[in-house]
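Here, each number is a calculation from the coordinates, and none is a lab measurement. Fair warning: this is a prediction, and the values are worked out from it, not measured in the lab. Heads up, the Cβs are rebuilt from the backbone with ideal geometry, glycines too, and the neighbour counts pull from every protein chain shown.
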Amino acid sequence: MTAGTVERYSLIDCQPPRQDTVQEVLVGLSRTPKHLSPKLLYDADGSALFDAITRQPEYYLTRAELSILSGIGTDLESLVDSDAVIVELGSGSGEKTRHLLGMLPTAPAYVAVDISATALDGALDSLADEFPGRRFIGMVADYLAPVALPPEIEDRPKLYVFFGSTLGNFEPPEAIEFLHRMALSLDPDDALMIGIDLKKAHARIHQAYNDASGVTAAFNCNILNRINRDCGANFDLEDFHHEAEYQPEHGRVAMFLVCHRTHTVNVAGVEILFDAGERVTTEYSYKYSMDEFYALARQAGFSPVRSWTDSGETFSLHYLAPDLA
Ligand SMILES: C[S@@+](CC[C@H](N)C(=O)[O-])C[C@H]1O[C@@H](n2cnc3c(N)ncnc32)[C@H](O)[C@@H]1O
């Protein structure tokens with residue numbers, strides 16, 4: 001781990017070694033069906049493209065979550081310990097964080113954990129400007145592995161936040177395991193606030209992942225650029241196209257890259273065969289009903305304390321307390 005101070009905020013680099021990424025890509029592409037981890041979508045270009053997705057008219061998730069956040073200031077004041085440190089997982093551009101920090105003016109510090117160094121840098125740079133006098137720490141890390149918070153933060157009450165329905169990227173058993181690990185590590189006065197996209201008309205969900213401007217398609221295809229650069233591969237983006245479908249039997253959107261022709265691709269010296277029509281899974285986005293999410297949270301060791309939805313009941317935000325502490 002290396003630490004560096006960049007003016008008004010600190011960035012701690014706990015990135016997994018590049019060799020781990022290469023290994024993970026090779027394992028995923030050797031499976032049937034082929035699979036790539038969604039975290040690979042978020043290099044610098046991928047993070048910028050995700051921000052562009054959140055501005056697409058079809059992508060209701062971000063607007064709905066922001067509209068919930070804008071109405072819960074008083075509730076949060078009474079729920080959150082006045083000196084709680086905010087620890088955000090997968091913080092991205094920090095747009096929702098800006099609202100949260102505005103609602104919690106006494107929170108002394110904010111820690112952002114994200115795999116994307118450029119997203120962290122951009123978010124902390126503007127948040128530190130907007131909220132002077134607070135401590136800002138960024139950790140470039142994979143939250144799938146244990147992340148050790150700085151010791152001065154560890155002993156304080158903490159509000160963990162996990163916005164954007166990013167939990168939906170996990171298959172439900174993995175989501176339970178991930179939240180369970182978190183519940184075990186929380187102290188009794190810590191809490192988790194989590195955003196979860198809700199089940200709704202299938203067409204609306206489908207459109208959100210198939211925007212007319214093709215931004216989600218560009219985001220998905222960019223994973224191949226990233227693998228070419230970071231894993232020494234020779235994917236030709238012309239050989240693949242984006243596909244995303246809502247699978248009601250699983251309650252999820254599955255996002256794929258579909259191969260146009262049978263050919264081999266060299267990834268870090270290994271020749272991998274792709275068949276014409278073969279689909280490589282790049283992301284799942286599970287949707288839940290309120291009751292399904294409550295059951296999942298309880299199974300993981302959390303008690304639902306308070307939940308909010310937007311006026312159209314498209315998205316939900318939950319304040320959970322650890323049951324296991
Ligand atoms: C769906 S975006 C959500 C961004 C933001 N929280 C929002 O609500 O708009 C997921 C975010 O999690 C980060 N991320 C994805 N997988 C990760 C991982 N394994 N470890 C750390 N960060 C990850 C991405 O870089 C991205 O910023």
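Counting only residues that are more than 12 Å from the ligand (Cβ to nearest atom), under 25 Å from Ile68 (Cβ atoms) and part of a loop (DSSP other than H, G, I, E, B), region 140-176 holds 1 of them. If I ask for residues that are near the ligand (Cβ under 7 Å from one of its atoms) and not aliphatic (A, V, I, L, M), which ones from region 89-115 would you list? Answer for region 89-115, where residues must be near the ligand (Cβ under 7 Å from one of its atoms) and not aliphatic (A, V, I, L, M): Gly90, Ser91, Gly92, Ser93, Glu95, Lys96, Asp114. Scanning region 124-139 for residues that are small (Gly, Ala, Ser) and in a helix (DSSP H, G or I), we see that the one that is farthest from the ligand (Cβ to nearest atom) is Ala128. In region 184-197, is there at least one residue being within 9 Å of the ligand (Cβ to nearest atom) and surrounded by fewer than 23 Cβ atoms within 10 Å (Cβ to Cβ)? No, the conditions are met nowhere in region 184-197.
Number of residues in region 108-144 that are touching a Pro at 6+ places or on another chain (Cβ under 7 Å) and farther than 12 Å from Ser10 by Cβ: the value is 2. Condition check: part of a loop (DSSP other than H, G, I, E, B) and touching a strand residue (DSSP E or B) at 6+ places or on another chain (Cβ under 9 Å). Does Phe219 satisfy that? No; evaluated as a whole, the condition is false for this residue. Checked against (1) in a helix (DSSP H, G or I); (2) loosely packed, with under 14 Cβ neighbours inside 10 Å, Gln207 meets all criteria but (2). Inspection of region 240-263 finds no residue satisfying the criterion of being of a type in the set (Asp, Glu), under 24 Å from Leu49 (Cα atoms) and in contact (Cβ under 8 Å) with a residue 40 or more places away in the chain. Ser30 - would you say it is away from the ligand (no atom under 12 Å from the Cβ), hydroxyl-bearing (Ser, Thr, Tyr), out of contact with any Lys or Arg (no Cβ under 7 Å at 6 or more places or on another chain) and farther than 26 Å from Leu179 by Cβ? So Ser30 fits the description; yes. Hey, could you check region 269-325 for residues that are among the charged types (D, E, K, R) and in a strand (DSSP E or B) and say which is nearest to Pro173 (Cα to Cα)? Step by step, filter region 269-325, then rank; the result is Glu283. Which of the residues belonging to region 36-72 are hydrophobic (A, V, I, L, M, F, W, C) and in contact with a helix residue (DSSP H, G or I) (Cβ under 7 Å, 6 or more places away or on another chain)? Hits for region 36-72 are Leu36, Leu40, Leu41, Ala44, Leu49, Phe50, Ala52, Ile53, Leu61, Leu66, Leu69.
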